[in-house]
Amino acid sequence: NANNQNIDFSKAIFANGKLYCASVRVDHSNINGTGKIAEFWYKVKTGLPANSSIVISAGNAQKVNANGAFNGLSNDAGTTVNISSNLTALKGINQINSNILLYPNPANNSLILVNESSVLTSFNIIDISGRVIVSGNFTANKTIDISALTNGVYFIAFENANGKAVKKLVKE
């Protein structure tokens, strides 16, 4: 996905130890080929004993084409991860989430984006069908005119050197 044509969704259900996720192309085009389609970033819960291990696997993987037809993908048998006492810093969704603010939300005519890290950040405002409505870049603060948007729910996808994040926007 070198052209950033995807929006990603995920939901963790800690009670059963599962993470459900989807990656959807916003340009509604079918893609063929091979290669990496996803990355899995994780953080091990504090307090697990060193030298223990966990098994991470993918199951029920499917793809869907632009016409809505599903096909199965090969499932992973699992990868064993050994837990050590060596800590590795994570960069990703939590770091960028804490540095990007948007207000007011719900918004009427304008939306203010604030980037507390001052790192060049790209954004895409995406409607519920996955179409990119507004896009751009900012480093500190940016005011966006959203008066032309129809009232409803939108997603704003952010990406910078610190990771990616998606936030919900309500237009009134």
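The values are calculated or read from the model by the stated rules, or taken from the named source; none is laboratory data. Worth saying up front: this structure is predicted, and the values here are computed from it rather than measured. Cβ: placed from backbone, ideal geometry, glycine included. Neighbour counts: every protein chain shown. Quick note on the areas: whole protein, heavy atoms, side chains included, nothing else; ligands and nucleic acids left out. Shrake-Rupley method; radii C 1.70, N 1.55, O 1.52, S 1.80 Å.
If I go through region 143-172 residue by residue, how many of them are in a strand (DSSP E or B), farther than 15 Å from residue 8 by Cα and open to solvent by less than 70 Å² (accessible area, probe 1.4 Å)?
If we filter region 143-172 for residues that are in a strand (DSSP E or B), which is where we start, we get 143-145, 152-160, 163-171.
Checking which are farther than 15 Å from residue 8 by Cα leaves us with 143-145, 152-153, 160, 169-171.
Add one more test, that the residue is open to solvent by less than 70 Å² (accessible area, probe 1.4 Å), and what stays is 144, 152-153, 160, 169-171.
Total meeting the criteria: 7.
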Read through the list (1) closer than 22 Å to residue 130 by Cα; (2) open to solvent by less than 100 Å² (accessible area, probe 1.4 Å); (3) at pLDDT 75 or above, then give the number of the only condition that residue 26 fails. (3)
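For region 16-30, enumerate the residues that are outside any strand (DSSP E or B) and within 18 Å of residue 57 (Cβ to Cβ). Working first, answer last.
Step one: filter region 16-30 for residues outside any strand (DSSP E or B), giving 16-17, 26-30.
Of everything in region 16-30, those that are outside any strand (DSSP E or B) and within 18 Å of residue 57 (Cβ to Cβ) turn out to be 16, 17.
Condition first: open to solvent by 50 Å² or more (accessible area, probe 1.4 Å) and part of a loop (DSSP other than H, G, I, E, B). Now tell me which residues in region 129-139 satisfy that. I'd like the intermediate steps shown before the answer.
Start the filter on region 129-139 by keeping residues that are open to solvent by 50 Å² or more (accessible area, probe 1.4 Å), which leaves 129, 131-133, 135, 137, 139.
Within region 129-139, 129, 131, 139 meet the criteria.
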What are the pairs, 6+ residues apart or on separate chains, where a residue within region 154-170 that is without any contact (Cβ under 8 Å) to a residue 40 or more places away in the chain has its Cβ under 6 Å from a residue that is open to solvent by less than 40 Å² (accessible area, probe 1.4 Å)? 154/125; 154/127; 154/169
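Are there strands (runs of 3 or more DSSP E) fully within region 64-104 with at least 1 residues that are surrounded by fewer than 11 Cβ atoms within 10 Å (Cβ to Cβ), modelled with pLDDT of 75 or more and in contact with a Phe, Trp or Tyr (Cβ under 9 Å, 6 or more places away or on another chain)? List them. Talk me through it step by step, then tell me what you get.
Working: elements: 70-72, 79-82, 100-103.
Those strands (runs of 3 or more DSSP E) do not exist here; none qualify.
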Residues within region 106-128 that are more than 16 Å from the chain's Cα centre (by Cα) and open to solvent by less than 70 Å² (accessible area, probe 1.4 Å), tallied: 10
